[in-house]
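Undergrad: Would you mind keeping the following structure in view while I ask a few things?
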């Protein structure tokens, strides 16, 4: 009797183990991601080579075309399809205080006009921020090779992030100045005054954390913060940084995360519905340690980091932007694209991250 009971129990435990394994397997399979390096400056084997891709930061997609990448170290803006093939021309900024490009944002409206030296004008299809505190607009019909200066700050700050959003019945352009400030522009590039206390977080100021990047997600504006040196350059450090959410009018909604897994966070993206276990979650990339952490976009609950096929956190040296594809030119909406400046920004990399199915 005892022997029969033991055999029965063993069979039941074995069946239970199989059920558990079957239950775990899909979750495991949906929690692994593959990094593919597409383009580099020539320093990374197996990639297409573009000498203009050096320390790339900003990344934005033309909804009907290619990925745009801004490389401040070379002063160039370059375009690629989903396989990393270069799409000419090389675009550069022009103006008395033009500086080198950092942030990029696509503009689908008829606002924010750009104009060339001959007076030809058209809406800026892409807006570019620079390290010299200037804004530049590009329209291929105005000039295919040049983004013309439309605004320049007398304070010469570094504009590290840019985003469009709607507020109060009009389109506004939001620019990050790493000094607890978000500067907002009307459609004619005139700076607008926001309500008292807009985009202000006393906790960030008290911790000496400056605004670093901005991303429009779900009708709100997500802003990352990092420690900076006197030159407004981010200082890496484990547990350093935070992420806040504001309305487009600048009203504070919530703190997503403080410290913890953050390390000078810059890139942000909301995962689509088909991105495995991390679907519909907020991805935050660290410039400090190259990891991509995952959070609930509402509650801020931490869901770990993106993992590679071996179950280790993905680490991309010099990680900057994160953006999902646009569904054209072999740029899947379920593929996460990134820019990075490895080796302390002396090299360049553009690549993709896909769910392993």
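The values are calculated or read from the model by the stated rules, or taken from the named source; none is laboratory data. Bear in mind the structure is a predicted one, so any value in this text is a computation, not a measurement. With ideal geometry, Cβ positions are generated from the backbone for all residues, glycine too; neighbour counts draw on all protein chains shown.
Undergrad: Read through the list (1) buried (at least 17 other Cβ atoms within 10 Å of the Cβ); (2) more than 24 Å from residue 268 (Cβ to Cβ); (3) without any contact (Cβ under 8 Å) to a residue 40 or more places away in the chain, then give the number of the only condition that residue 79 fails.
TA: Only one criterion is unmet by residue 79, namely (2).
Undergrad: Take residue 176 and decide whether it is in the same structural domain as residue 98 (by TED's automatic domain parsing), buried (at least 20 other Cβ atoms within 10 Å of the Cβ) and under 20 Å from residue 254 (Cα atoms). Working first, answer last.
TA: Values: in the same structural domain as residue 98 (by TED's automatic domain parsing): yes; buried (at least 20 other Cβ atoms within 10 Å of the Cβ): yes; under 20 Å from residue 254 (Cα atoms): yes.
In short, yes.
Undergrad: Show me the strands (runs of 3 or more DSSP E) found entirely inside the range 222-314 where at least 2 residues are more than 18 Å from the chain's Cα centre (by Cα) and modelled with pLDDT of 95 or more.
TA: Working: elements: 242-246, 252-258, 265-270, 282-286, 292-295, 302-305.
Output list reads 252-258, 302-305.
Undergrad: Now for a separate question. Filter the range 327-346 down to residues that are assigned to a loop (DSSP other than H, G, I, E, B) and surrounded by 21 or more Cβ atoms within 10 Å (Cβ to Cβ), then give me how many there are.
TA: Residues that pass the stated criteria total 2.
Undergrad: Still on this model: Would it be correct to say that residue 29 is modelled with pLDDT under 95 and surrounded by 13 or more Cβ atoms within 10 Å (Cβ to Cβ)? Before the answer, list the steps.
TA: On the way: modelled with pLDDT under 95: yes; surrounded by 13 or more Cβ atoms within 10 Å (Cβ to Cβ): yes.
So residue 29 fits the description; yes.
Undergrad: If you take the residues in the range 93-107 that are under 19 Å from the mean Cα position of the chain (by Cα) and part of a loop (DSSP other than H, G, I, E, B), which one is farthest from residue 142 (Cα to Cα)?
TA: Applying the first criterion (under 19 Å from the mean Cα position of the chain (by Cα)) to the range 93-107 yields 100-107.
Within this subset, residues satisfying the condition of being part of a loop (DSSP other than H, G, I, E, B) are 100, 107.
Details: 100: 20, 107: 15 Å.
Out of the qualifying residues, it is 100.
Undergrad: Which of the residues belonging to the range 215-235 are surrounded by 15 or more Cβ atoms within 10 Å (Cβ to Cβ) and more than 24 Å from residue 298 (Cβ to Cβ)? Give the derivation first.
TA: Our first condition is that a residue be surrounded by 15 or more Cβ atoms within 10 Å (Cβ to Cβ); within the range 215-235, this holds for 215-217, 220-228, 232, 234.
Within the range 215-235, 227, 228, 232, 234 meet the criteria.
Undergrad: Being surrounded by 23 or more Cβ atoms within 10 Å (Cβ to Cβ), touching a residue at least 40 places away in the same chain (Cβ under 8 Å) and within 30 Å of residue 169 (Cβ to Cβ): is that true of residue 185 here?
TA: no
Undergrad: Then there's this: Exactly one of these conditions fails for residue 350: (1) without any contact (Cβ under 8 Å) to a residue 40 or more places away in the chain; (2) under 16 Å from the mean Cα position of the chain (by Cα). Give me its number.
TA: Against the list (1) without any contact (Cβ under 8 Å) to a residue 40 or more places away in the chain; (2) under 16 Å from the mean Cα position of the chain (by Cα), residue 350 comes up short only on (1).
Undergrad: Same structure again: From the set of residues in the range 192-207 that are surrounded by 12 or more Cβ atoms within 10 Å (Cβ to Cβ) and free of Cβ contacts under 8 Å to residues at least 40 places away in the same chain, which is farthest from residue 229 (Cα to Cα)?
TA: Within the range 192-207, the first condition is being surrounded by 12 or more Cβ atoms within 10 Å (Cβ to Cβ), and the residues that meet it are 192, 194, 198-201, 203-205, 207.
Then drop every residue that is not free of Cβ contacts under 8 Å to residues at least 40 places away in the same chain, which leaves 192, 205, 207.
Details: 192: 28, 205: 14, 207: 13 Å.
My answer is 192.
Undergrad: Follow-up. Taking the stated definitions as given, is residue 46 exposed (fewer than 11 other Cβ atoms within 10 Å of the Cβ), modelled with pLDDT of 50 or more, over 24 Å from residue 108 (Cα atoms) and assigned by TED's automatic domain parsing to the domain that holds residue 100?
TA: Details: exposed (fewer than 11 other Cβ atoms within 10 Å of the Cβ): yes; modelled with pLDDT of 50 or more: yes; over 24 Å from residue 108 (Cα atoms): yes; assigned by TED's automatic domain parsing to the domain that holds residue 100: yes.
Yes; evaluated as a whole, the condition is true for this residue.
Undergrad: Return the residues of the range 184-204 that are within 23 Å of the chain's Cα centre (by Cα) and more than 25 Å from residue 125 (Cα to Cα); say none if nothing qualifies. Steps first, answer last, please.
TA: Applying the first criterion (within 23 Å of the chain's Cα centre (by Cα)) to the range 184-204 yields 184-185, 198-201, 204.
Matches in the range 184-204: 198, 199, 200, 201, 204.
Undergrad: Would you check if there is a residue in the range 251-274 being in contact (Cβ under 8 Å) with a residue 60 or more places away in the chain, crowded, with 18+ Cβ neighbours inside 10 Å and more than 24 Å from residue 159 (Cα to Cα)?
TA: yes
Undergrad: For residues that are surrounded by fewer than 21 Cβ atoms within 10 Å (Cβ to Cβ) and in contact with a helix residue (DSSP H, G or I) (Cβ under 8 Å, 6 or more places away or on another chain), scanning just the range 347-357, find the one that is farthest from residue 74 (Cα to Cα).
TA: By that ranking, first place goes to 357.
Undergrad: Within the range 197-221, which residues are touching a strand residue (DSSP E or B) at 6+ places or on another chain (Cβ under 7 Å) and not in a loop (DSSP other than H, G, I, E, B)?
TA: Result: 204, 209, 210, 211, 212, 213, 214, 215, 216, 217, 220, 221.
Undergrad: Going residue by residue through the range 111-124, is there one that turns out to be closer than 19 Å to residue 78 by Cβ, part of a loop (DSSP other than H, G, I, E, B) and in the same structural domain as residue 233 (by TED's automatic domain parsing)?
TA: yes
Undergrad: What residue, of 60, 70, is closer than 26 Å to residue 308 by Cα, in a strand (DSSP E or B) and in the same structural domain as residue 213 (by TED's automatic domain parsing)? Lay out the reasoning, then the answer.
TA: On the way: 70 fails: closer than 26 Å to residue 308 by Cα.
Of 60, 70, the one residue that is closer than 26 Å to residue 308 by Cα, in a strand (DSSP E or B) and in the same structural domain as residue 213 (by TED's automatic domain parsing) is 60.
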